[in-house]
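Encoded as structure tokens, the structure appears first; notes follow it.
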Amino acid sequence: MACNGLFGTGEPYDICPPNPNKYFTLKKAELVVPNKPAWKVFYDLQVIYQVSRDLPQDSVRAAQALYAANKIVNTIKVEDETSLHDAAEIAKEFFGNKNGTSQHSLTAVGHCHIDTAWLWPYAETRRKIARSWSSQLRLMEQHPEYVFVCSQAQQYEWLEQDYPSLFEEVKEKVKEGRFQPIGGTWVEMDCNIPSGESFCRQFLLGQRFFREKFGYHSNVFWLPDTFGGLSRLSLSLLYYIILFLYLPQIIRESNMKYFFTQKLSWNNINKFPLTTFHWIGLDGSKVLSHMAPSNTYNARCMVSELIDSAKNHKDKMYSNESLIVHGRLEGSSDCSVAIRGVGIGDGGGGPVPQYLERLDRMKDIVSGPYSGRGEGLPKVAYGSAESFYDRLERDSRDLASWKGELYFEFHRGTYTTAAAVKRYNRKNELLLRDLEQIAAVAGVVVDAGGYRYIW
């Protein structure tokens, strides 16, 4: 059983190293049977209330939502279960108006970012994977349209080793197109410290694993949580700028053409000016790139996030579509008053039932019959990231291009922390290079077994 907060269980603060001798006692556990009609009305009321709160207050649709929410509350009688049916009918009438063709379109993909190594032991990461992914499989049983994307071949390998029956379930959902391996890399890696050869091995080993285990090749380089700035030391600066600018070339040479990242939207000085764009490398390689305009990769499927996705999209004149990536930080609670604050790391978890219940109700909410102002929410539908990018490539027009590094102005200090880890990582990279050169001269094939494991 796991007992971790959002930032582990460190002492004296959560983000500090954990005490290996710290124990917890489970004192009480309860089994409950949910009242499904009551929960249905609860989610109806939650979405209608958010519409009344988050749409412009002078809009007809906001007024209609407030009227419907008030009527639902007045209809429900705690002592009379049949009143739930009457309340559900009021909500059904509100959700009955469908959207027009000009509304911004959102593709909702479930996502569960798990830091492979952070504030907990590797053994806990392996358990997080099983807990998080099994939850998504159960949600797929309840929501037939739900699609979940997941990167990092290393985590799939751990699942196969530790929970083989669960891995087989994942394989079945991959065949159905509902559990989507994505990213094409071994882990979601740092993009400042490793060598160019390390980048190449990330894609080589990640895509090879996806192909061998799933018969699948990912076209989307998925890196929502990368961060870190460039060194200010003049001897190192040019090397890292050039390396990062060659990423588009490495992506294309890996037979991939799309890129998703997120944290640039959190820049605290120079706001990144684009949402959907072509990222151009030094050699001219072009990668179609997108950042979710909700400004988070842990969306909670709130009305405000749908509105923000349309409002914050900086390239609507060129593309009227975007991703909303929804997930949950393990250990966090669901709440309807705010989206997640920036800078919080991720220990897995993934979407929870509340998110999908809200999405089901928000798919196609448009203005009422008397507004005439298009005051509804953006259209939202479940879908895969691959199909989203395919539509972007097909339907977008005159997208801007970004030639240069993608520099994140928020999490700094990545060159000055854990120096020993970085030193030995570089020494190992050089030793592996030497081993390959010697093997090439000797005519020995080393791309197998233990050598691949070392990388």
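The values are calculated or read from the model by the stated rules, or taken from the named source; none is laboratory data. A quick note: this is a predicted structure, and the numbers were derived from the prediction, not measured. We place every Cβ from the backbone using ideal geometry, glycine too, and count neighbours over all the protein chains shown.
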Within segment 420-432, is there a residue that is assigned by TED's automatic domain parsing to the domain that holds Leu356 and of a type in the set (Ser, Thr, Tyr)? no
Would you call Phe199 within 30 Å of Asn425 (Cα to Cα), part of a helix (DSSP H, G or I), in the same structural domain as Ile324 (by TED's automatic domain parsing) and in contact with a strand residue (DSSP E or B) (Cβ under 9 Å, 6 or more places away or on another chain)? no
Out of the residues in segment 96-114 that are more than 24 Å from Gln354 (Cα to Cα) and touching a residue at least 40 places away in the same chain (Cβ under 8 Å), which is surrounded by the fewest Cβ atoms within 10 Å (Cβ to Cβ)? Ser102
So Arg328 ticks every box in (1) crowded, with 21+ Cβ neighbours inside 10 Å; (2) at pLDDT 75 or above but one. Which box is left unticked? (2)
Across segment 434-450, the tally of residues that are at pLDDT below 85 and exposed (fewer than 10 other Cβ atoms within 10 Å of the Cβ) stands at 4
If Gln202 passes every condition in (1) modelled with pLDDT under 95; (2) surrounded by fewer than 20 Cβ atoms within 10 Å (Cβ to Cβ) but one, which one does it miss? (2)
Scan (1) assigned to a helix (DSSP H, G or I); (2) at pLDDT 90 or above; (3) under 23 Å from Ser151 (Cα atoms) for the single condition Ala381 breaks and write down its number. (1)
Starting from segment 292-314, keep only residues that are in a helix (DSSP H, G or I), then list their pairs with residues that are modelled with pLDDT of 90 or more and among the acidic types (Asp, Glu) whose Cβ atoms are within a distance under 8 Å, requiring at least 6 positions of separation or different chains. Val303/Asp54; Ser304/Asp54; Ile307/Asp54
Considering only residues that are small (Gly, Ala, Ser) and either in a helix (DSSP H, G or I) or in the same structural domain as Leu430 (by TED's automatic domain parsing) (or both), which ones fall in segment 202-220? Gly206
Give the number of residues within segment 310-326 that are of a type in the set (Ser, Thr, Tyr) and touching a helix residue (DSSP H, G or I) at 6+ places or on another chain (Cβ under 8 Å). 2
If Tyr389 passes every condition in (1) out of contact with any Ser or Thr (no Cβ under 6 Å at 6 or more places or on another chain); (2) over 30 Å from Gly177 (Cα atoms) but one, which one does it miss? (2)
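Tell me, please, whether a residue that is β-branched (Val, Ile, Thr), in contact with a helix residue (DSSP H, G or I) (Cβ under 7 Å, 6 or more places away or on another chain) and over 30 Å from Met291 (Cβ atoms) can be found in segment 111-120. Working first, answer last.
Step one: filter segment 111-120 for residues β-branched (Val, Ile, Thr), giving 114, 116.
Still in the running and in contact with a helix residue (DSSP H, G or I) (Cβ under 7 Å, 6 or more places away or on another chain): 114, 116.
Those left that are additionally over 30 Å from Met291 (Cβ atoms): none.
No, segment 111-120 contains no residue that is β-branched (Val, Ile, Thr), in contact with a helix residue (DSSP H, G or I) (Cβ under 7 Å, 6 or more places away or on another chain) and over 30 Å from Met291 (Cβ atoms).
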Count - residues of segment 259-278 that are of a type in the set (Phe, Trp, Tyr) and closer than 18 Å to Leu247 by Cα: 3
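Here is a yes/no grid of residues against (1) surrounded by fewer than 19 Cβ atoms within 10 Å (Cβ to Cβ); (2) farther than 26 Å from Phe259 by Cβ; (3) assigned by TED's automatic domain parsing to the domain that holds Phe259; (4) among the charged types (D, E, K, R):
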position: Pro121; (1), (2), (3), (4): yes, yes, yes, no
position: Gln142; (1), (2), (3), (4): yes, yes, yes, no
position: Ala153; (1), (2), (3), (4): no, no, yes, no
position: Gln161; (1), (2), (3), (4): yes, yes, yes, no
position: Leu166; (1), (2), (3), (4): yes, yes, yes, no
position: Lys173; (1), (2), (3), (4): yes, no, yes, yes
Taking segment 10-66 and keeping only residues that are basic (Lys, Arg), surrounded by 10 or more Cβ atoms within 10 Å (Cβ to Cβ) and either modelled with pLDDT under 95 or closer than 14 Å to Ile365 by Cβ (or both), one is left with Lys22, Arg53, Arg61
Close pairs (6 angstrom Cβ cut-off, 6 or more residues apart or separate chains): assigned to a helix (DSSP H, G or I) in segment 81-95, hydroxyl-bearing (Ser, Thr, Tyr) anywhere: Ser83/Thr75; Asp86/Thr75; Ala87/Thr75
Filtering segment 294-309 down to residues that are in contact with a helix residue (DSSP H, G or I) (Cβ under 9 Å, 6 or more places away or on another chain), under 20 Å from Ala385 (Cβ atoms) and among the polar types (S, T, N, Q) yields Ser294, Asn295, Thr296
